[in-house]
(Lines give C-alpha, C1' and ligand atoms only; values in the text may rest on other atoms or scores of the structure.)
Protein backbone atom coordinates (compact mmCIF):
# COMPACT_ATOMS: atom_id res chain seq x y z
CA UNK A 1 0.00 0.00 0.00
CA UNK A 2 3.03 2.28 0.21
CA UNK A 3 3.87 1.96 -3.46
CA UNK A 4 2.39 3.72 -6.46
CA UNK A 5 0.27 1.87 -9.00
CA UNK A 6 -0.77 2.65 -12.56
CA UNK A 7 -2.95 1.17 -15.29
CA UNK A 8 -4.87 1.98 -18.41
CA UNK A 9 -8.37 2.89 -17.16
CA UNK A 10 -10.05 2.71 -20.57
CA UNK A 11 -10.48 -0.35 -22.81
CA UNK A 12 -7.37 -1.16 -24.86
CA UNK A 13 -7.40 -0.38 -28.56
CA UNK A 14 -8.22 2.68 -30.64
CA UNK A 15 -10.70 5.24 -29.33
CA UNK A 16 -11.36 8.90 -28.74
CA UNK A 17 -9.55 8.88 -25.40
CA UNK A 18 -7.15 6.71 -23.50
CA UNK A 19 -6.90 7.38 -19.76
CA UNK A 20 -3.88 6.35 -17.70
CA UNK A 21 -4.54 6.36 -13.96
CA UNK A 22 -1.82 6.70 -11.29
CA UNK A 23 -2.44 6.35 -7.55
CA UNK A 24 -0.08 6.49 -4.57
CA UNK A 25 2.42 8.62 -2.70
CA UNK A 26 4.59 9.25 -5.78
CA UNK A 27 1.76 10.00 -8.21
CA UNK A 28 2.35 13.77 -8.21
CA UNK A 29 6.14 13.38 -8.46
CA UNK A 30 5.73 11.13 -11.52
CA UNK A 31 3.32 13.59 -13.12
CA UNK A 32 5.69 16.50 -12.58
CA UNK A 33 8.52 14.53 -14.21
CA UNK A 34 6.51 13.75 -17.34
CA UNK A 35 4.04 16.59 -17.79
CA UNK A 36 4.83 20.01 -19.26
CA UNK A 37 2.10 22.63 -19.15
CA UNK A 38 1.23 24.53 -22.26
CA UNK A 39 2.67 28.07 -22.38
CA UNK A 40 0.60 30.46 -20.37
CA UNK A 41 -1.26 27.66 -18.59
CA UNK A 42 -1.21 27.06 -14.84
CA UNK A 43 0.78 24.34 -13.20
CA UNK A 44 -0.87 21.35 -11.53
CA UNK A 45 -3.61 22.37 -9.12
CA UNK A 46 -5.70 19.89 -7.11
CA UNK A 47 -9.11 19.09 -8.64
CA UNK A 48 -8.36 21.11 -11.79
CA UNK A 49 -7.60 20.02 -15.35
CA UNK A 50 -4.34 21.11 -16.96
CA UNK A 51 -3.45 21.07 -20.67
CA UNK A 52 0.04 20.21 -21.84
CA UNK A 53 2.35 17.52 -23.14
CA UNK A 54 3.72 14.24 -21.90
CA UNK A 55 7.42 14.22 -22.72
CA UNK A 56 10.11 11.58 -22.41
CA UNK A 57 12.32 12.97 -19.59
CA UNK A 58 15.45 11.46 -21.16
CA UNK A 59 15.01 12.84 -24.67
CA UNK A 60 12.55 15.69 -24.19
CA UNK A 61 10.50 14.25 -27.05
CA UNK A 62 6.74 14.88 -26.94
CA UNK A 63 4.68 11.68 -26.75
CA UNK A 64 1.22 13.28 -26.87
CA UNK A 65 -0.82 16.35 -26.02
CA UNK A 66 -2.91 15.51 -22.98
CA UNK A 67 -5.26 16.74 -20.32
CA UNK A 68 -4.03 15.97 -16.82
CA UNK A 69 -6.15 16.00 -13.65
CA UNK A 70 -4.69 15.95 -10.15
CA UNK A 71 -6.89 14.59 -7.34
CA UNK A 72 -5.22 15.33 -4.02
CA UNK A 73 -5.70 12.89 -1.15
CA UNK A 74 -8.13 12.22 0.43
CA UNK A 75 -10.44 13.76 -2.21
CA UNK A 76 -9.91 11.03 -4.77
CA UNK A 77 -11.30 7.63 -5.71
CA UNK A 78 -8.62 5.78 -3.74
CA UNK A 79 -8.25 8.43 -1.01
CA UNK A 80 -4.61 8.70 -2.20
CA UNK A 81 -3.00 11.22 -4.54
CA UNK A 82 -4.36 10.31 -7.98
CA UNK A 83 -3.28 11.48 -11.42
CA UNK A 84 -5.40 10.85 -14.50
CA UNK A 85 -3.84 11.45 -17.90
CA UNK A 86 -6.36 11.80 -20.75
CA UNK A 87 -4.48 11.12 -23.98
CA UNK A 88 -5.53 10.32 -27.52
CA UNK A 89 -6.87 6.79 -27.59
CA UNK A 90 -4.29 5.10 -29.77
CA UNK A 91 -2.82 1.79 -28.67
CA UNK A 92 0.75 2.97 -29.25
CA UNK A 93 0.28 6.31 -27.49
CA UNK A 94 -1.22 4.87 -24.30
CA UNK A 95 1.42 2.12 -24.23
CA UNK A 96 4.23 4.70 -24.49
CA UNK A 97 2.78 6.87 -21.69
CA UNK A 98 2.24 3.84 -19.47
CA UNK A 99 5.82 2.75 -20.13
CA UNK A 100 7.13 6.18 -19.04
CA UNK A 101 5.04 6.09 -15.84
CA UNK A 102 6.38 2.62 -15.00
CA UNK A 103 9.94 3.84 -15.66
CA UNK A 104 9.42 6.55 -13.02
CA UNK A 105 8.86 3.93 -10.32
CA UNK A 106 5.19 3.02 -10.47
CA UNK A 107 4.11 -0.59 -10.88
CA UNK A 108 1.28 -2.05 -12.92
CA UNK A 109 -1.92 -2.35 -10.88
CA UNK A 110 -3.56 -5.72 -10.23
CA UNK A 111 -7.22 -6.30 -11.18
CA UNK A 112 -9.45 -4.18 -8.95
CA UNK A 113 -6.53 -2.70 -7.04
CA UNK A 114 -7.71 0.91 -7.30
CA UNK A 115 -11.06 -0.04 -5.80
CA UNK A 116 -9.34 -2.26 -3.24
CA UNK A 117 -7.31 0.76 -2.10
CA UNK A 118 -10.52 2.78 -1.88
CA UNK A 119 -11.89 0.10 0.45
CA UNK A 120 -8.69 -0.24 2.50
CA UNK A 121 -8.45 3.53 2.92
CA UNK A 122 -12.04 3.80 4.12
CA UNK A 123 -13.34 5.49 1.00
CA UNK A 124 -15.83 2.66 0.39
CA UNK A 125 -17.07 -0.22 2.49
CA UNK A 126 -17.10 -3.71 0.99
CA UNK A 127 -20.71 -3.61 -0.23
CA UNK A 128 -20.00 -0.34 -2.02
CA UNK A 129 -16.82 -1.76 -3.56
CA UNK A 130 -18.79 -4.73 -4.88
CA UNK A 131 -21.37 -2.30 -6.28
CA UNK A 132 -18.65 -0.69 -8.42
CA UNK A 133 -18.31 -3.95 -10.36
CA UNK A 134 -22.10 -4.28 -10.56
CA UNK A 135 -22.43 -0.77 -12.04
CA UNK A 136 -19.91 -1.64 -14.75
CA UNK A 137 -21.53 -5.01 -15.52
CA UNK A 138 -25.15 -3.79 -15.46
CA UNK A 139 -27.14 -5.11 -18.41
CA UNK A 140 -30.48 -3.41 -17.64
CA UNK A 141 -31.83 -0.22 -16.13
CA UNK A 142 -33.03 -2.14 -13.09
CA UNK A 143 -29.59 -3.65 -12.53
CA UNK A 144 -27.93 -0.26 -12.91
CA UNK A 145 -30.34 1.47 -10.52
CA UNK A 146 -29.89 -1.27 -7.93
CA UNK A 147 -26.09 -1.10 -8.21
CA UNK A 148 -26.08 2.70 -7.98
CA UNK A 149 -28.26 2.56 -4.86
CA UNK A 150 -25.79 0.16 -3.25
CA UNK A 151 -22.82 2.27 -4.38
CA UNK A 152 -24.38 5.31 -2.73
CA UNK A 153 -24.59 3.38 0.53
CA UNK A 154 -28.22 2.25 0.57
CA UNK A 155 -27.42 -1.27 1.77
CA UNK A 156 -24.56 -0.07 3.98
CA UNK A 157 -26.77 2.36 5.89
CA UNK A 158 -29.41 -0.32 6.46
CA UNK A 159 -26.89 -2.87 7.73
CA UNK A 160 -25.01 -0.34 9.85
CA UNK A 161 -28.28 0.66 11.53
CA UNK A 162 -29.07 -2.98 12.30
CA UNK A 163 -25.49 -3.52 13.50
CA UNK A 164 -25.85 -0.53 15.85
CA UNK A 165 -29.16 -1.88 17.19
CA UNK A 166 -27.46 -5.18 17.98
CA UNK A 167 -24.57 -3.33 19.59
CA UNK A 168 -27.04 -1.55 21.88
CA UNK A 169 -28.66 -4.86 22.78
CA UNK A 170 -25.23 -6.36 23.39
CA UNK A 171 -24.35 -3.46 25.71
CA UNK A 172 -27.52 -4.06 27.72
CA UNK A 173 -26.73 -7.76 28.01
CA UNK A 174 -23.11 -7.19 29.02
CA UNK A 175 -24.10 -4.54 31.56
CA UNK A 176 -26.70 -6.79 33.15
CA UNK A 177 -24.05 -9.50 33.45
CA UNK A 178 -21.34 -7.27 34.91
CA UNK A 179 -23.44 -5.05 37.19
CA UNK A 180 -26.39 -7.25 38.11
CA UNK A 181 -25.54 -7.02 41.82
CA UNK A 182 -25.02 -3.24 41.92
CA UNK A 183 -28.69 -2.29 42.06
CA UNK A 184 -28.63 -0.59 38.62
CA UNK A 185 -31.65 -0.62 36.30
CA UNK A 186 -31.39 -2.07 32.80
CA UNK A 187 -33.78 -2.89 29.99
CA UNK A 188 -36.06 -5.79 30.80
CA UNK A 189 -35.42 -9.14 29.17
CA UNK A 190 -38.71 -8.71 27.29
CA UNK A 191 -37.57 -5.39 25.82
CA UNK A 192 -34.20 -6.81 24.82
CA UNK A 193 -35.94 -9.82 23.30
CA UNK A 194 -38.28 -7.62 21.24
CA UNK A 195 -35.36 -5.49 20.00
CA UNK A 196 -33.37 -8.54 18.92
CA UNK A 197 -36.44 -10.10 17.33
CA UNK A 198 -37.08 -6.91 15.36
CA UNK A 199 -33.56 -7.03 13.89
CA UNK A 200 -34.03 -10.72 13.06
CA UNK A 201 -37.23 -9.95 11.15
CA UNK A 202 -35.55 -7.16 9.20
CA UNK A 203 -32.66 -9.45 8.27
CA UNK A 204 -35.07 -12.12 7.04
CA UNK A 205 -36.89 -9.46 5.04
CA UNK A 206 -33.63 -8.62 3.29
CA UNK A 207 -32.97 -12.31 2.63
CA UNK A 208 -36.41 -12.55 1.01
CA UNK A 209 -35.34 -9.97 -1.59
CA UNK A 210 -32.51 -12.16 -2.86
CA UNK A 211 -34.42 -14.06 -5.55
CA UNK A 212 -35.55 -10.80 -7.14
CA UNK A 213 -32.16 -9.17 -6.54
CA UNK A 214 -30.29 -12.02 -8.20
CA UNK A 215 -32.57 -11.77 -11.22
CA UNK A 216 -32.04 -7.99 -11.37
CA UNK A 217 -28.26 -8.40 -11.27
CA UNK A 218 -27.74 -11.51 -13.40
CA UNK A 219 -30.96 -11.83 -15.38
CA UNK A 220 -33.65 -14.48 -14.99
CA UNK A 221 -32.43 -17.91 -16.11
CA UNK A 222 -35.14 -19.58 -18.18
CA UNK A 223 -34.73 -23.16 -19.38
CA UNK A 224 -36.91 -24.27 -22.30
CA UNK A 225 -38.03 -27.86 -21.66
CA UNK A 226 -40.29 -30.22 -23.54
CA UNK A 227 -40.26 -33.46 -25.43
CA UNK A 228 -38.48 -33.52 -28.82
CA UNK A 229 -39.99 -31.46 -31.65
CA UNK A 230 -42.44 -29.40 -29.59
CA UNK A 231 -40.93 -26.13 -30.83
CA UNK A 232 -38.34 -25.20 -28.19
CA UNK A 233 -35.75 -24.00 -30.70
CA UNK A 234 -38.37 -22.11 -32.70
CA UNK A 235 -39.48 -20.37 -29.52
CA UNK A 236 -35.87 -19.51 -28.66
CA UNK A 237 -35.41 -17.92 -32.08
CA UNK A 238 -38.64 -15.95 -31.61
CA UNK A 239 -37.52 -14.64 -28.20
CA UNK A 240 -34.11 -13.66 -29.61
CA UNK A 241 -35.64 -12.26 -32.80
CA UNK A 242 -32.99 -14.07 -34.81
CA UNK A 243 -32.32 -17.59 -36.11
CA UNK A 244 -29.90 -18.78 -33.44
CA UNK A 245 -30.96 -22.39 -33.04
CA UNK A 246 -31.27 -24.98 -35.82
CA UNK A 247 -34.90 -25.91 -36.48
CA UNK A 248 -35.84 -29.11 -38.35
CA UNK A 249 -38.85 -31.45 -38.31
CA UNK A 250 -36.54 -34.22 -37.10
CA UNK A 251 -37.01 -35.03 -33.41
CA UNK A 252 -33.82 -34.78 -31.35
CA UNK A 253 -32.08 -32.15 -33.51
CA UNK A 254 -30.97 -30.25 -30.40
CA UNK A 255 -28.41 -32.45 -28.63
CA UNK A 256 -26.85 -29.87 -26.28
CA UNK A 257 -27.89 -26.82 -24.29
CA UNK A 258 -27.66 -23.43 -26.01
CA UNK A 259 -27.52 -20.29 -23.84
CA UNK A 260 -28.45 -16.83 -25.13
CA UNK A 261 -29.57 -13.47 -23.69
CA UNK A 262 -32.71 -11.52 -24.55
CA UNK A 263 -34.28 -8.33 -23.27
CA UNK A 264 -37.92 -7.83 -22.32
CA UNK A 265 -38.76 -4.22 -21.47
CA UNK A 266 -36.22 -3.18 -18.81
CA UNK A 267 -35.12 -6.66 -17.67
CA UNK A 268 -32.93 -9.24 -19.33
CA UNK A 269 -33.32 -12.99 -19.34
CA UNK A 270 -30.89 -15.80 -19.96
CA UNK A 271 -32.60 -18.37 -22.18
CA UNK A 272 -31.34 -21.94 -22.34
CA UNK A 273 -32.55 -24.15 -25.17
CA UNK A 274 -32.24 -27.80 -24.24
CA UNK A 275 -32.43 -31.29 -25.61
CA UNK A 276 -35.90 -32.83 -25.60
CA UNK A 277 -36.83 -35.04 -22.64
CA UNK A 278 -38.03 -38.51 -23.61
CA UNK A 279 -37.75 -42.18 -22.69
CA UNK A 280 -35.20 -44.46 -24.35
CA UNK A 281 -33.07 -41.83 -26.08
CA UNK A 282 -29.97 -42.54 -28.16
CA UNK A 283 -26.61 -42.61 -26.37
CA UNK A 284 -25.57 -39.16 -27.63
CA UNK A 285 -29.04 -37.74 -27.00
CA UNK A 286 -28.92 -39.07 -23.42
CA UNK A 287 -25.91 -36.84 -22.69
CA UNK A 288 -27.91 -33.84 -23.89
CA UNK A 289 -30.82 -34.85 -21.65
CA UNK A 290 -28.50 -35.00 -18.63
CA UNK A 291 -27.38 -31.46 -19.41
CA UNK A 292 -31.02 -30.44 -19.69
CA UNK A 293 -31.63 -31.75 -16.19
CA UNK A 294 -28.61 -29.83 -14.89
CA UNK A 295 -29.80 -26.64 -16.59
CA UNK A 296 -33.29 -27.12 -15.18
CA UNK A 297 -31.86 -27.45 -11.69
CA UNK A 298 -30.07 -24.07 -11.94
CA UNK A 299 -32.93 -22.24 -13.68
CA UNK A 300 -35.06 -19.57 -12.02
CA UNK A 301 -37.95 -20.58 -14.27
CA UNK A 302 -38.86 -23.54 -16.44
CA UNK A 303 -40.65 -22.67 -19.67
CA UNK A 304 -42.54 -25.93 -20.16
CA UNK A 305 -43.65 -26.48 -23.74
CA UNK A 306 -46.29 -28.94 -24.91
CA UNK A 307 -47.41 -29.68 -28.46
CA UNK A 308 -51.11 -28.74 -28.53
CA UNK A 309 -51.57 -30.53 -31.87
CA UNK A 310 -50.83 -33.95 -30.33
CA UNK A 311 -52.49 -35.82 -27.47
CA UNK A 312 -50.68 -36.10 -24.13
CA UNK A 313 -48.22 -39.01 -24.18
CA UNK A 314 -45.70 -40.75 -21.90
CA UNK A 315 -42.93 -38.27 -22.77
CA UNK A 316 -45.18 -35.39 -21.67
CA UNK A 317 -45.78 -37.21 -18.40
CA UNK A 318 -42.01 -37.67 -17.99
CA UNK A 319 -41.59 -33.95 -18.58
CA UNK A 320 -44.07 -33.05 -15.85
CA UNK A 321 -42.30 -35.39 -13.46
CA UNK A 322 -38.89 -33.85 -14.24
CA UNK A 323 -40.13 -30.28 -13.70
CA UNK A 324 -42.07 -31.11 -10.53
CA UNK A 325 -42.80 -28.03 -8.41
CA UNK A 326 -40.14 -25.88 -10.10
CA UNK A 327 -41.36 -22.30 -10.82
CA UNK A 328 -42.73 -22.51 -14.33
CA UNK A 329 -44.69 -21.12 -17.24
CA UNK A 330 -46.67 -23.61 -19.30
CA UNK A 331 -46.94 -23.07 -23.05
CA UNK A 332 -49.23 -24.92 -25.47
CA UNK A 333 -47.41 -24.47 -28.75
CA UNK A 334 -48.51 -25.02 -32.39
CA UNK A 335 -51.84 -23.26 -32.00
CA UNK A 336 -51.78 -22.81 -35.80
CA UNK A 337 -52.56 -26.53 -36.13
CA UNK A 338 -55.79 -28.36 -35.20
CA UNK A 339 -55.84 -28.92 -31.44
CA UNK A 340 -55.72 -32.40 -29.92
CA UNK A 341 -55.16 -31.12 -26.40
CA UNK A 342 -57.11 -31.81 -23.25
CA UNK A 343 -55.95 -29.24 -20.67
CA UNK A 344 -57.72 -31.02 -17.80
CA UNK A 345 -55.10 -33.78 -18.18
CA UNK A 346 -52.44 -31.57 -16.60
CA UNK A 347 -54.44 -29.77 -13.92
CA UNK A 348 -52.39 -31.32 -11.12
CA UNK A 349 -49.22 -30.12 -12.84
CA UNK A 350 -50.48 -26.61 -13.46
CA UNK A 351 -51.47 -25.90 -9.84
CA UNK A 352 -52.12 -22.14 -10.06
CA UNK A 353 -50.60 -21.68 -13.49
CA UNK A 354 -52.70 -20.91 -16.55
CA UNK A 355 -51.25 -22.30 -19.78
CA UNK A 356 -50.42 -19.88 -22.58
CA UNK A 357 -51.51 -20.79 -26.10
CA UNK A 358 -49.29 -19.62 -28.94
CA UNK A 359 -47.65 -20.46 -32.20
CA UNK A 360 -43.89 -20.10 -32.42
CA UNK A 361 -44.33 -20.27 -36.20
CA UNK A 362 -46.85 -17.44 -36.68
CA UNK A 363 -45.99 -15.64 -33.38
CA UNK A 364 -49.69 -15.53 -32.48
CA UNK A 365 -49.82 -15.19 -28.68
CA UNK A 366 -46.15 -14.29 -28.46
CA UNK A 367 -46.82 -10.91 -26.83
CA UNK A 368 -48.68 -12.63 -23.98
CA UNK A 369 -45.67 -14.88 -23.41
CA UNK A 370 -43.31 -11.91 -23.21
CA UNK A 371 -45.59 -10.21 -20.69
CA UNK A 372 -45.83 -13.39 -18.61
CA UNK A 373 -42.03 -13.72 -18.54
CA UNK A 374 -41.74 -10.09 -17.47
CA UNK A 375 -44.23 -10.61 -14.65
CA UNK A 376 -42.32 -13.68 -13.46
CA UNK A 377 -39.04 -11.74 -13.47
CA UNK A 378 -40.47 -8.88 -11.42
CA UNK A 379 -42.76 -10.88 -9.12
CA UNK A 380 -40.36 -10.58 -6.17
CA UNK A 381 -40.12 -6.83 -6.48
CA UNK A 382 -41.61 -4.76 -3.69
CA UNK A 383 -42.74 -1.32 -4.66
CA UNK A 384 -40.72 1.41 -3.03
CA UNK A 385 -38.55 -1.02 -1.09
CA UNK A 386 -34.82 -0.51 -1.06
CA UNK A 387 -32.26 -1.97 -0.80
CA UNK A 388 -32.34 -5.48 -2.19
CA UNK A 389 -29.82 -8.30 -1.83
CA UNK A 390 -28.14 -9.23 -5.11
CA UNK A 391 -25.18 -11.38 -4.04
CA UNK A 392 -25.09 -14.86 -2.55
CA UNK A 393 -22.33 -13.76 -0.16
CA UNK A 394 -24.65 -11.21 1.40
CA UNK A 395 -27.58 -13.63 1.50
CA UNK A 396 -25.58 -16.36 3.20
CA UNK A 397 -24.25 -14.11 5.97
CA UNK A 398 -27.66 -12.52 6.53
CA UNK A 399 -29.19 -15.98 6.90
CA UNK A 400 -26.53 -16.96 9.44
CA UNK A 401 -26.98 -13.69 11.34
CA UNK A 402 -30.75 -14.19 11.46
CA UNK A 403 -30.26 -17.77 12.67
CA UNK A 404 -28.00 -16.59 15.50
CA UNK A 405 -30.57 -13.97 16.54
CA UNK A 406 -33.30 -16.60 16.46
CA UNK A 407 -31.24 -18.64 18.91
CA UNK A 408 -30.78 -15.54 21.08
CA UNK A 409 -34.53 -14.88 21.15
CA UNK A 410 -35.23 -18.51 22.10
CA UNK A 411 -32.64 -18.35 24.87
CA UNK A 412 -34.26 -15.23 26.32
CA UNK A 413 -37.76 -16.70 26.14
CA UNK A 414 -36.55 -19.88 27.87
CA UNK A 415 -34.93 -17.87 30.67
CA UNK A 416 -31.37 -18.87 29.82
CA UNK A 417 -28.43 -16.75 30.95
CA UNK A 418 -27.47 -13.44 29.35
CA UNK A 419 -24.03 -14.87 28.63
CA UNK A 420 -25.48 -17.38 26.16
CA UNK A 421 -27.65 -14.71 24.56
CA UNK A 422 -24.68 -12.35 24.21
CA UNK A 423 -22.68 -15.02 22.35
CA UNK A 424 -25.40 -15.39 19.69
CA UNK A 425 -25.84 -11.62 19.33
CA UNK A 426 -22.07 -11.28 18.89
CA UNK A 427 -22.08 -13.93 16.16
CA UNK A 428 -24.82 -12.05 14.31
CA UNK A 429 -22.83 -8.81 14.52
CA UNK A 430 -19.79 -10.63 13.13
CA UNK A 431 -21.76 -11.75 10.07
CA UNK A 432 -22.97 -8.22 9.40
CA UNK A 433 -19.41 -6.98 9.84
CA UNK A 434 -18.16 -9.48 7.24
CA UNK A 435 -20.71 -8.21 4.70
CA UNK A 436 -19.63 -4.60 5.29
CA UNK A 437 -15.93 -5.42 5.44
CA UNK A 438 -15.54 -4.44 9.11
CA UNK A 439 -13.87 -7.81 9.46
CA UNK A 440 -12.42 -9.70 6.51
CA UNK A 441 -9.86 -12.21 5.30
CA UNK A 442 -7.39 -11.44 2.55
CA UNK A 443 -8.58 -14.47 0.57
CA UNK A 444 -12.06 -12.96 0.45
CA UNK A 445 -10.72 -9.63 -0.80
CA UNK A 446 -8.58 -11.41 -3.39
CA UNK A 447 -11.65 -13.23 -4.67
CA UNK A 448 -13.85 -10.11 -4.81
CA UNK A 449 -11.38 -7.67 -6.35
CA UNK A 450 -9.81 -10.28 -8.61
CA UNK A 451 -13.03 -10.19 -10.64
CA UNK A 452 -12.54 -6.51 -11.49
CA UNK A 453 -10.83 -5.27 -14.61
CA UNK A 454 -7.30 -3.83 -14.41
CA UNK A 455 -7.58 -0.05 -14.06
CA UNK A 456 -10.62 -0.17 -11.74
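The values are calculated or read from the model by the stated rules, or taken from the named source; none is laboratory data. Since the model is a prediction, treat every value here as computed from it, not as a measurement. Glycine also receives a Cβ, built like all others from the backbone with ideal geometry; neighbour counts cover every protein chain displayed.
Just one of the listed residues (411, 379, 426) is at pLDDT below 90 and either in a loop (DSSP other than H, G, I, E, B) or not assigned by TED's automatic domain parsing to the domain that holds residue 306 (or both), namely 379. Filtered by the rule that a residue be modelled with pLDDT of 85 or more and in a loop (DSSP other than H, G, I, E, B), region 127-181 gives 138, 152, 153. So, in region 418-434, of the ones that are in contact (Cβ under 8 Å) with a residue 40 or more places away in the chain and farther than 19 Å from residue 398 by Cβ, which residue ends up surrounded by the fewest Cβ atoms within 10 Å (Cβ to Cβ)? Restricting to residues being in contact (Cβ under 8 Å) with a residue 40 or more places away in the chain and farther than 19 Å from residue 398 by Cβ, the top hit is 419. Note on region 101-112: residues that are surrounded by fewer than 22 Cβ atoms within 10 Å (Cβ to Cβ) and touching a residue at least 60 places away in the same chain (Cβ under 8 Å) amount to 7. Taken over region 388-408, the criterion of being surrounded by fewer than 22 Cβ atoms within 10 Å (Cβ to Cβ), under 28 Å from residue 191 (Cβ atoms) and in contact (Cβ under 8 Å) with a residue 60 or more places away in the chain is satisfied by 399, 402, 406.
Note on region 28-47: residues that are under 18 Å from residue 80 (Cβ atoms) and surrounded by fewer than 13 Cβ atoms within 10 Å (Cβ to Cβ) total 2. Please determine, by comparing only the residues of region 222-244 that are in contact with a helix residue (DSSP H, G or I) (Cβ under 7 Å, 6 or more places away or on another chain) and surrounded by fewer than 19 Cβ atoms within 10 Å (Cβ to Cβ), which one is modelled with the lowest pLDDT. Among them, the one singled out is 244.
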